[in-house]
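Trainee: One structure coming up, written as structure tokens, with questions to follow.
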């Protein structure tokens, strides 16, 4: 039986945690170190930290943010944003990241995925896939890069398959249509990715109530549940989510 894990996500801008809706209109959501320490105490299984402006600003992830957050957590920390080379990954791991999340740079140069896997191992390489609905795509979902700003005319599910073939250990699909709206994960998108690959899939974008987390597992096929605003604004607690999932018969990490 798959053991489901809970993964809060720190979207970072100007040294603060922020949260937007549909990748826009970002609002302050607190201090990253305080939030990270709180989630560690609350029983989070993993933590994500994404420098959302790095790619758009043409720079690396701010390593000092990684150092500060990694210093207060023991759970695996996945870092993403502006990662374009193996040296970028080296520096982030040195700063305290356990895993990295590749996105736009991998789309631009898919060989980066295989190179990263060869050097660091598949367990350290996640590929994030941002997409929005587009009926012209075979799966109905179009790949979008550069922080959700640039659709590129490629099918998101086909890209997920290629990422797996290149060795990616985890796929993190986010529906821009659902992001931040708290209307539930985009289950058709999550399910399409989960059905297309055998590696773990992270449900991301839209969690708003307890039922959404169960649906992501039972209907979406995800094994890692990422959420941001419901945790940042303390609308739901991690222990509360885990208890609910257990009550639904879903195995969750202790």
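Trainee: Restricting attention to the stretch 53-104, and to residues there that are at positive phi and either surrounded by 20 or more Cβ atoms within 10 Å (Cβ to Cβ) or modelled with pLDDT of 95 or more (or both), which single residue is nearest to the chain's Cα centre (by Cα)? Spell out how you get there, then give the answer.
Mentor: Applying the first criterion (at positive phi) to the stretch 53-104 yields 58, 81-82, 96.
If we keep only those that are either surrounded by 20 or more Cβ atoms within 10 Å (Cβ to Cβ) or modelled with pLDDT of 95 or more (or both) too, we end up with 81-82, 96.
Details: 81: 11, 82: 14, 96: 18 Å.
Only one residue fits best here, namely 81.
Trainee: Taking residue 184 and the conditions (1) outside any helix (DSSP H, G or I); (2) at pLDDT 95 or above; (3) farther than 17 Å from residue 5 by Cβ, which numbered condition does it fall short on, given that it satisfies the others?
Mentor: Failed condition: (2).
Residues are listed down the side, and each one gets a yes or a no for (1) touching a strand residue (DSSP E or B) at 6+ places or on another chain (Cβ under 9 Å); (2) closer than 25 Å to residue 122 by Cα; (3) part of a helix (DSSP H, G or I):
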position	(1), (2), (3)
160	yes, yes, yes
172	yes, yes, no
195	no, yes, yes
199	yes, yes, no
213	yes, no, yes
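Trainee: Right, another one. Quick one: would you say residue 33 is part of a loop (DSSP other than H, G, I, E, B), modelled with pLDDT of 90 or more, buried (at least 16 other Cβ atoms within 10 Å of the Cβ) and more than 17 Å from the chain's Cα centre (by Cα)?
Mentor: no
Trainee: What are the residues in the stretch 215-230 that are assigned to a helix (DSSP H, G or I), modelled with pLDDT of 95 or more and touching a strand residue (DSSP E or B) at 6+ places or on another chain (Cβ under 6 Å), if any? Please lay out each step first, then the result.
Mentor: Taking the stretch 215-230 first, the residues assigned to a helix (DSSP H, G or I) are 215-218, 229-230.
Narrowing the set further to residues that are modelled with pLDDT of 95 or more leaves 215-218.
Within the stretch 215-230, 216, 217 qualify.
Trainee: For the condition within 18 Å of the chain's Cα centre (by Cα), surrounded by fewer than 21 Cβ atoms within 10 Å (Cβ to Cβ) and either free of Cβ contacts under 8 Å to residues at least 40 places away in the same chain or farther than 23 Å from residue 79 by Cα (or both), what is the one hit in 183, 251, 243, 216?
Mentor: Numbers: 251 fails: within 18 Å of the chain's Cα centre (by Cα); 243 fails: within 18 Å of the chain's Cα centre (by Cα); 216 fails: surrounded by fewer than 21 Cβ atoms within 10 Å (Cβ to Cβ).
None of the other options fit; the residue is 183.
Trainee: Further question on the same structure: Does the stretch 107-115 contain any residue that is in contact (Cβ under 8 Å) with a residue 24 or more places away in the chain, over 19 Å from the mean Cα position of the chain (by Cα) and in a strand (DSSP E or B)?
Mentor: Taking every residue of the stretch 107-115 in turn, none turns out to be in contact (Cβ under 8 Å) with a residue 24 or more places away in the chain, over 19 Å from the mean Cα position of the chain (by Cα) and in a strand (DSSP E or B).
Trainee: Those residues that are farther than 21 Å from residue 72 by Cβ and either at pLDDT 80 or above or surrounded by fewer than 16 Cβ atoms within 10 Å (Cβ to Cβ) (or both), I need them from the stretch 1-20; list them, please. Spell out the reasoning first.
Mentor: As a first pass, look at the stretch 1-20 and keep what is farther than 21 Å from residue 72 by Cβ: 1-4, 20.
1, 2, 3, 4, listed by residue number.
Trainee: Can you tell me which condition residue 177 does not meet? The list is (1) more than 30 Å from residue 242 (Cβ to Cβ); (2) at pLDDT below 95; (3) surrounded by fewer than 19 Cβ atoms within 10 Å (Cβ to Cβ); (4) in contact with a strand residue (DSSP E or B) (Cβ under 6 Å, 6 or more places away or on another chain), and all the others hold.
Mentor: Tallying (1) more than 30 Å from residue 242 (Cβ to Cβ); (2) at pLDDT below 95; (3) surrounded by fewer than 19 Cβ atoms within 10 Å (Cβ to Cβ); (4) in contact with a strand residue (DSSP E or B) (Cβ under 6 Å, 6 or more places away or on another chain), residue 177 fails exactly one: (1).
Listed here are the residues, each with its yes/no results for (1) buried (at least 22 other Cβ atoms within 10 Å of the Cβ); (2) touching a residue at least 60 places away in the same chain (Cβ under 8 Å); (3) under 30 Å from residue 244 (Cβ atoms); (4) touching a helix residue (DSSP H, G or I) at 6+ places or on another chain (Cβ under 7 Å).
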residue	(1), (2), (3), (4)
151	no, no, no, no
156	yes, no, yes, no
172	yes, yes, yes, no
200	no, no, yes, no
220	yes, no, yes, yes
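The values are calculated or read from the model by the stated rules, or taken from the named source; none is laboratory data. Note that the coordinates shown come from a computational prediction; the quantities given were computed from them, not determined experimentally. Every residue, glycine as well, gets a Cβ built from its backbone with ideal geometry; the counts of neighbours run over all protein chains shown.
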